[in-house]
Amino acid sequence: MTVQIEPGRCFHCGEKIPPDIDLSVEIQGERQPMCCHGCKAVAQAIVDNHLEDFYAHRTDPAATPEALIPDALRELEVFDNPSVQQSFVHQKVGDLREASLILEGIVCAACVWLNERHVNQLPGVRSFHVNYSTHRAQVTWDNSQIKLSQILQAITEIGYHAHPFDPGRLEAMHKRERQLAIRRIGVAGVGAMQVMMMAVALYLGDYEGMQLDIRNLLRWASMIVAFPVVVYSAQSFFISAWRDLRHFRVGMDVPVSLAIGTAYIASVWATITGTGEVYFDSVTMFTFFLLLGRLLEMTARHKAGQVADELVKLIPATAHRRIGNQLEAVAVADLAVGDEVVIKPGEPVPADGLVREGHSSVNEALLTGESMPRGKHPGDSLIGGTLNIESPLIMEVQQLGQDTVLAGISRLLERAQEEKPQVAELANRVASWFVAALLVVAAGVYFYWYQVQPENAFWITLSVLVITCPCALSLATPVALTAATGALTSEGVLTTRGHALETLAKATDMIFDKTGTLTYGQLRLARIEVYADSDGPQCHRIAAGLEQHSEHPIALALREGVTPLPITLPVAEVGRGVTGRYEHAEFRIGNLDYIRAWHPEFSGNVSHSSEVYLATHAAVLAAFVLEDRVREEAQVAIRDLQSQGLAVHLLSGDAPLAVAQVARELGIAEYHAGLLPDEKLNYLRALQARGHVVAMVGDGVNDAPVLAGAQVSIAMGEGAQLAQASADMVLLSENLDAVPVSVRQARATMKIIRQNLLWAIGYNLVALPLAAVGYVAPWMAAIGMSGSSILVVLNALRLRGGRLPHSDEQVTATRQRVPV
């Protein structure tokens, strides 16, 4: 019996309401009184999660608010716990949170549309994108307005199940999906074979004659054998179709379910009444071929998203934490910032941190695409998921969980695969309307054939419903994008935006920054030019001594490879130079203006782009010529881009001589020096105003506005974080060879997408008339529809095949750089 709450008592817990309390919650259209803020909060949570029926069916009020929280809500609220969220939630600015989810129950593009539409309407949800290829979702929400448990509950309400992404759970889900699919295919296959044998006998009986009782026996036997195929094997089609119809959405499983359901029901009626035709063979064959096609499609989808899954699996489950002189094995989840861990040879790095002790080399191939290991020494940074090769390392943990570089890469990759370019949005809209139009056409076909040949009207309509299901149209784009971004990631190119490949394929101009992009961004001492018979090596040691306390790039270049002399009383002037004493003489090192304070007549050497001078009061002793070395692969990469028809530009804030020297060396005709960030942006906008599609490659903070302004932007992997945040793609490998490779891959991706769309549209244009005039049997329609979807997926997977295409010149240059 439902409990009745007396007036003056709390509607939630039944306690008497204090006179000074005036709290209430609207429940099922009426304001209900509450005795405290705790009851109000719990009641509001129940209302927000659409669980108001709980109050209608409860039999007894509880003494505390917590006792009245429904079990469904309580289970999901576990994910609101901050300690639980550490492993899968990334905290952004303020109360913004971001998490990766796994969605169960996704069967077609309509499911993606329904989930995105439903969740994005929730107050407090900033964005929600689902990747159809991997069934993973990326959600961003304001934690002050909505909790994660409420988002998960909202997804549950529309018939799907969502839970935080976990690589082990994802693998188990894939295994469970595959086993269930194989079981359903097995039942459908056995049923189809048995029914087909009986169908052959019925067909022969129609030509050669058959006793009525034998014919009825075979029909009843076919009906019984087909029953588990319809109820069990085809169950997923009916569930998906009902879910779509409940939300006034015509998904791709609606015509499929309509075809299977009506064919079976009509056949059952014909069997019971002993009149008309039966279609048990078509029902079972259609179910079998459709399930087989979806199994192959599912396998291909899992393969397409394999790179993203492999990234997550790089982090080990356990680590060796050092406490004093003792080692203990602990779960990586139990590590804390500041812990020291020992990484043995052959073990993966468990988190991001700094090397405190040891010397070794680390393989970062899966993150950067570089096959050669990198040496690591005390003070160097380590990235979680990379592999220690030679010797033990002791690392201090600095970043864990969702704050690591690997987690950030995974988030960016997921975001790129989940965001839909314009061509994908168009395909989904067309597919959505196509299903509705298909039902209208099928009704028209049935009406026509019912007037002309009533005995053929049903099976012809059945073929029309089956053969024209637009699965291939909806698969054309997402599978190709997932395969392409995964292939680029394995090459050390991280695609962070969904539109990046589509726009890069259309690019007409490529703008490069100089320092840190075309060059290494690290000054080195090219040579020493001495004056007044000075001793070059001695001048070098004095210069190193003057700069020994500075971390300026020039100071680092001067100190490299030399023992500095002891300098007393050093005085630095920011942006000019340093003055100090050595053996009773005063020395000065700095730029030309700084030296001219002692030697006004000195004019320097204008033939060099970057140099500093050493002087005493008596004379100028030497000039130190500094260079920022051009990347070894830059020339080949620029030439490859130009061969692909792109106009290459060089924009830099450096001195004109330095920029001109790099431009000449790389063969870049269009270059501009001494530009401020806003001047670079104006130059870019001028190109865009002339109709050019501009791609920008840069690395520094000053490049962030230009990266944001370009139609597609590429940031260097070791560049400033602000530049990477503004970029659509990131070169994790720091290798410029990847830029022309990315352009080539982007163009190949768009070519594959166009092929897929052309095939999907062409297939339907040909198949629909053939089915409508009666040339295609229902079982043939099932093979055609499944085959078209499989063909689209396999065509997209060509983007993952082997290494990505490089030019012959790139391959030769790479071989020359790799030591034998």
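The values are calculated or read from the model by the stated rules, or taken from the named source; none is laboratory data. Keep in mind that what you see is a predicted model, and the values were worked out from it rather than measured. All Cβ positions, glycine included, derive from the backbone under ideal geometry; neighbour counts span all protein chains shown. Note: accessible area is taken over every heavy atom of the protein model, side chains too, but ligands, DNA and RNA are not part of it. Shrake-Rupley method; radii C 1.70, N 1.55, O 1.52, S 1.80 Å.
Please indicate, with yes or no, whether at least one residue in region 477-485 is within 29 Å of the chain's Cα centre (by Cα), open to solvent by 10 Å² or more (accessible area, probe 1.4 Å) and more than 30 Å from Ala669 (Cα to Cα).
yes
Anything in region 522-535 that is part of a strand (DSSP E or B), open to solvent by 80 Å² or more (accessible area, probe 1.4 Å) and charged (D, E, K, R)? List them, or say none. Before you say what the answer is, go through the steps one by one.
Here is the first cut: in region 522-535, the residues part of a strand (DSSP E or B) are 522-530.
Pick out the ones that are also open to solvent by 80 Å² or more (accessible area, probe 1.4 Å) and you get 522, 524, 527.
Scanning region 522-535 gives Arg524, Arg527.
Would you check which residues across region 209-245 are out of contact with any helix residue (DSSP H, G or I) (no Cβ under 9 Å at 6 or more places or on another chain) and not in a helix (DSSP H, G or I) and list them?
Within region 209-245, just Gly209 meets the criteria.
Please find, within region 12-38, the residue that is farthest from Glu157 (Cα to Cα) out of those that are at pLDDT 80 or above and not charged (D, E, K, R).
Ile17
Of the conditions (1) modelled with pLDDT under 80; (2) buried (at least 16 other Cβ atoms within 10 Å of the Cβ), Asn756 clears all except one; give me its number.
With (1) modelled with pLDDT under 80; (2) buried (at least 16 other Cβ atoms within 10 Å of the Cβ) applied to Asn756, the lone miss is (1).
Among the listed residues Tyr671, Tyr683, which satisfies the condition of being in contact with a strand residue (DSSP E or B) (Cβ under 8 Å, 6 or more places away or on another chain), open to solvent by 50 Å² or more (accessible area, probe 1.4 Å) and not hydrophobic (A, V, I, L, M, F, W, C)?
Tyr671
Quick check on my filter: what residues within region 304-321 are modelled with pLDDT under 75, in contact with a Leu (Cβ under 8 Å, 6 or more places away or on another chain) and not in a helix (DSSP H, G or I)?
Leu314, Ile315
Being surrounded by fewer than 12 Cβ atoms within 10 Å (Cβ to Cβ), out of contact with any Phe, Trp or Tyr (no Cβ under 9 Å at 6 or more places or on another chain) and modelled with pLDDT of 70 or more, is that true of even one residue in region 39-50?
Checked region 39-50: no residue is surrounded by fewer than 12 Cβ atoms within 10 Å (Cβ to Cβ), out of contact with any Phe, Trp or Tyr (no Cβ under 9 Å at 6 or more places or on another chain) and modelled with pLDDT of 70 or more.
Which pairs turn up if I take residues in region 541-565 that are free of Cβ contacts under 8 Å to residues at least 60 places away in the same chain and look for partners that are open to solvent by 90 Å² or more (accessible area, probe 1.4 Å) and not in a helix (DSSP H, G or I) with beta carbon separation below 6 Å, at least 6 apart in sequence or on another chain?
none
Can you name the residue in region 343-366 that is among the aliphatic types (A, V, I, L, M) and either in contact with a Lys or Arg (Cβ under 8 Å, 6 or more places away or on another chain) or part of a loop (DSSP other than H, G, I, E, B) (or both) and, of all such residues, is nearest to Gln399 (Cα to Cα)? Explain how you work it out, then say what you get.
If we filter region 343-366 for residues that are among the aliphatic types (A, V, I, L, M), which is where we start, we get 343, 349, 351, 354-355, 362, 365-366.
Checking which are either in contact with a Lys or Arg (Cβ under 8 Å, 6 or more places away or on another chain) or part of a loop (DSSP other than H, G, I, E, B) (or both) leaves us with 349, 351, 355, 362.
On the way: Val349: 12, Ala351: 6, Val355: 13, Val362: 18 Å.
The residue in question is Ala351.
Determine whether Pro553 is surrounded by fewer than 14 Cβ atoms within 10 Å (Cβ to Cβ) and either of a type outside the set (Val, Ile, Thr) or in the same structural domain as Leu504 (by TED's automatic domain parsing) (or both).
In short, no.
Can you pull out the residues in region 217-251 that are polar (S, T, N, Q) and either under 22 Å from Leu465 (Cα atoms) or loosely packed, with under 14 Cβ neighbours inside 10 Å (or both)?
Result: Ser233, Gln235, Ser236, Ser240.
Out of all the residues in region 322-342, which are assigned to a strand (DSSP E or B), over 32 Å from the mean Cα position of the chain (by Cα) and under 20 Å from Val355 (Cβ atoms)?
Taking region 322-342 as the starting set, the residues that turn out to be assigned to a strand (DSSP E or B) are 322-323, 326-331, 340-342.
Right, trim to over 32 Å from the mean Cα position of the chain (by Cα) and you get 322-323, 326-329.
Arg322, Ile323, Leu327 - these are the residues of region 322-342 that are assigned to a strand (DSSP E or B), over 32 Å from the mean Cα position of the chain (by Cα) and under 20 Å from Val355 (Cβ atoms).
May I ask you to list pairs of residues, at least six apart or on different chains, whose Cβ atoms are under 7 Å apart, with the first in region 438-454 being assigned by TED's automatic domain parsing to the domain that holds Asp253 and the second being assigned to a helix (DSSP H, G or I)?
Final answer for the pair search is none.
Got at least one residue in region 505-522 being modelled with pLDDT under 85 and farther than 27 Å from Asp654 by Cβ?
No, there is no match, as no residue in region 505-522 is modelled with pLDDT under 85 and farther than 27 Å from Asp654 by Cβ.
For His161, all conditions in the list (1) on the phi > 0 side of the Ramachandran plot; (2) of a type outside the set (A, V, I, L, M); (3) touching a strand residue (DSSP E or B) at 6+ places or on another chain (Cβ under 6 Å); (4) open to solvent by 40 Å² or more (accessible area, probe 1.4 Å) hold save one; what is the number of the exception?
Among (1) on the phi > 0 side of the Ramachandran plot; (2) of a type outside the set (A, V, I, L, M); (3) touching a strand residue (DSSP E or B) at 6+ places or on another chain (Cβ under 6 Å); (4) open to solvent by 40 Å² or more (accessible area, probe 1.4 Å), His161 violates only (1).
Evaluate the following for Val612: is it crowded, with 16+ Cβ neighbours inside 10 Å, assigned by TED's automatic domain parsing to the domain that holds Val530, touching a His at 6+ places or on another chain (Cβ under 7 Å) and touching a residue at least 40 places away in the same chain (Cβ under 8 Å)?
Numbers: crowded, with 16+ Cβ neighbours inside 10 Å: yes; assigned by TED's automatic domain parsing to the domain that holds Val530: yes; touching a His at 6+ places or on another chain (Cβ under 7 Å): no; touching a residue at least 40 places away in the same chain (Cβ under 8 Å): yes.
Taking the combined requirement at face value, the residue does not satisfy it.
Condition first: closer than 30 Å to Leu732 by Cβ, open to solvent by 50 Å² or more (accessible area, probe 1.4 Å), outside the structural domain of Pro656 (by TED's automatic domain parsing) and of a type outside the set (Ser, Thr, Tyr). Can you find one or more residues in region 563-575 that meet it?
no
Identify the single condition in (1) surrounded by fewer than 19 Cβ atoms within 10 Å (Cβ to Cβ); (2) at pLDDT 90 or above that Ala637 does not satisfy, given that it satisfies every other one.
Tallying (1) surrounded by fewer than 19 Cβ atoms within 10 Å (Cβ to Cβ); (2) at pLDDT 90 or above, Ala637 fails exactly one: (1).
Out of Leu523, Leu546, report the one residue that is of a type outside the set (S, T, N, Q), in contact with a Pro (Cβ under 7 Å, 6 or more places away or on another chain) and under 30 Å from Thr386 (Cβ atoms). Before the answer, list the steps.
Details: Leu546 fails: under 30 Å from Thr386 (Cβ atoms).
Testing whether each residue is of a type outside the set (S, T, N, Q), in contact with a Pro (Cβ under 7 Å, 6 or more places away or on another chain) and under 30 Å from Thr386 (Cβ atoms) leaves just Leu523.
For every residue, the table says whether it meets (1) open to solvent by 50 Å² or more (accessible area, probe 1.4 Å); (2) in contact with a strand residue (DSSP E or B) (Cβ under 7 Å, 6 or more places away or on another chain); (3) under 16 Å from Leu525 (Cβ atoms); (4) in the same structural domain as Val625 (by TED's automatic domain parsing).
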residue	(1), (2), (3), (4)
His549	yes, yes, no, yes
Gly580	no, yes, no, yes
Gly590	no, yes, yes, yes
Asp593	yes, no, no, yes
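Identify all residues within region 686-706 that are modelled with pLDDT of 85 or more and surrounded by fewer than 21 Cβ atoms within 10 Å (Cβ to Cβ); write none if there are none.
Residues satisfying the conditions are Ala686, Leu687, Gln688, Ala689, Arg690, Gly691, His692, Val693.
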